[in-house]
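Peer 1: Okay, here's the structure, questions in a sec.
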Amino acid sequence: MRSIIGIFYYAPIIIAIIDNNLIYFSIVVSYTKKPMIGIIMGSSSDSKIMNDAAEILDKFKIKHEDQIISAHRTPSRLEEYAKHAENMGFKIIIAGAGGAAHLPGMIASHTILPVIGVPIMVYNDKQSKKPENMKFSSFGGLDSLLSISEMPNGSPVVAVGINKAGNAGIYAMKILANEFPELKKKLKQYKLDQHDSVLKESESLKKQGLSKFVQKKFK
Ligand code: RP5
């Protein structure tokens, strides 16, 4: 017969179990207690886009630590941060950068932690005198996408689509779900919700007809 005789709260949680007159201790790592994901970005200009990743992690109740680390402006912080991420016990790093986006790749070269890169179409709001269309990077984010995805053999970084920081968040949840069954359940529910919301929209489109649907949706 097996019974739990006590739970000792000290992160991680330790449970004492008696099984066939033998007592043993089991460690339950709680994913809600400490940050498991580091979100970093090359500039405060990236923060609005990178917030989409944070919102997903918050939705799934995964703690994250967020920082600005610039591969070009603060190069000495790259190695420092990689060590920090490992010491903190992060399991994944989500790194966003625009233009010559070296941040995800350089962080990946300093650590064995998986790095998910978010290519950003730069929107530089610091130069307020520039006309609006000049605030975007010249190559519409393709520059960042290629800088992130075209890593050399042996030092990979996965890249999501341009500005798709939310997808980086979901992908991170999928990696963590291998370790935390509760997250697996939440991800399945997330998929079901998506399915339902498409069906709902389809129903309303069918009912109204395409013209009315479009008028209403884009008014
Ligand atoms: C990159 O340069 C950053 O990731 C950012 O996307 C871009 C522009 O940065 P700011 O000049 O707006 O600070 O390193």
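Peer 1: Please work out the average accessible area per residue across the stretch 37-177, using the 1.4 Å probe convention, and give it in Å². Please report the intermediate quantities before stating the final value.
Peer 2: On the way: 7020 Å² over 141 residues.
Result: 50 Å² per residue.
Peer 1: Using the Karplus equation 6.51 cos²θ - 1.76 cosθ + 1.60 (θ = phi - 60°), what ³J(HN,Hα) coupling, rounded to whole Hz, does each residue of the stretch 105-122 give in order, writing x for Gly and Pro?
Peer 2: Residue by residue, the stretch 105-122 yields x, 5, 5, 4, 6, 9, 8, 8, 5, x, 10, 9, x, 10, x, 10, 7, 4 Hz.
Peer 1: Reachable lysines from Lys200, Cα under 17 Å, same-chain residues fewer than 8 places away excluded?
Peer 2: Partners found: Lys191, Lys212, Lys216, Lys217.
Peer 1: Next up: Amide H of Val158: which non-local residues (sequence gap of 5 or more, or other chain) have their own amide H closer than 5 Å, using H built in the peptide plane?
Peer 2: Val115, Gly117
Peer 1: Checking the a/c ratio against 1.5 first, then a/b against b/c, what shape does the Cα gyration tensor give for the stretch 111-192?
Peer 2: Oblate shape, in that a/c is at least 1.5 and b/c is the bigger or equal ratio.
Peer 1: Using the charge dipole of the stretch 168-215 (Lys, Arg: +1 at Cβ; Asp, Glu: -1 at Cβ; taken about the Cα centre), state which of Leu183, Leu205, Ala168 has its Cα farthest towards the positive end.
Peer 2: Final value for the positive-end residue is Leu205.
Peer 1: So what is the diffusion coefficient of the stretch 37-177 in µm² per second by Stokes-Einstein at 25 °C and 0.890 mPa s, using a Kirkwood Rh over Cα pairs?
Peer 2: The calculation lands on 165 µm²/s.
Peer 1: What is the magnitude of the charge dipole of the stretch 100-219 about its Cα centre, with +1 placed on the Cβ of each Lys and Arg, -1 on the Cβ of each Asp and Glu, and no other charges, expressed in debye to the nearest 20?
Peer 2: Dipole of the stretch 100-219, to the nearest 20 debye: 700 debye.
Peer 1: Taking H as built 1.01 Å from N, whose amide H comes closer than 5 Å to the amide H of Met121, not counting residues under 5 places away?
Peer 2: Asn163
Peer 1: Residue-wise, which Karplus ³J(HN,Hα) couplings in Hz belong to the stretch 189-197, taking 6.51 cos²θ - 1.76 cosθ + 1.60, θ = phi - 60°, and x for glycine or proline?
Peer 2: Values, residue by residue: 4, 4, 5, 4, 4, 4, 4, 4, 5 Hz.
Peer 1: With θ set to phi - 60° and the Karplus curve 6.51 cos²θ - 1.76 cosθ + 1.60, what are the ³J(HN,Hα) couplings of the stretch 33-47 in order, to the nearest whole Hz, using x for Gly and Pro?
Peer 2: Running phi through 6.51 cos²θ - 1.76 cosθ + 1.60 with θ = phi - 60° gives 7, 10, x, 10, 10, x, 9, 10, 8, x, 7, 5, 4, 8, 5 Hz.
Peer 1: At a 10 angstrom cut-off on C-beta neighbours, averaged per residue, how do the peptides 199-209, 164-174 rank from highest to lowest? Write out the running numbers ahead of the final one.
Peer 2: Values: 199-209: 11.0, 164-174: 21.1.
In descending order of packing, they fall as 164-174, 199-209.
The values are calculated or read from the model by the stated rules, or taken from the named source; none is laboratory data. Computed from a prediction, not measured in an experiment: that's the story for all the values here. Every residue, glycine among them, receives a Cβ derived from its backbone with ideal geometry; neighbour counts consider all protein chains shown. Calculation scope for accessible area: heavy atoms of the full protein, side chains included, ligands and nucleic acids excluded. Shrake-Rupley method; radii C 1.70, N 1.55, O 1.52, S 1.80 Å.
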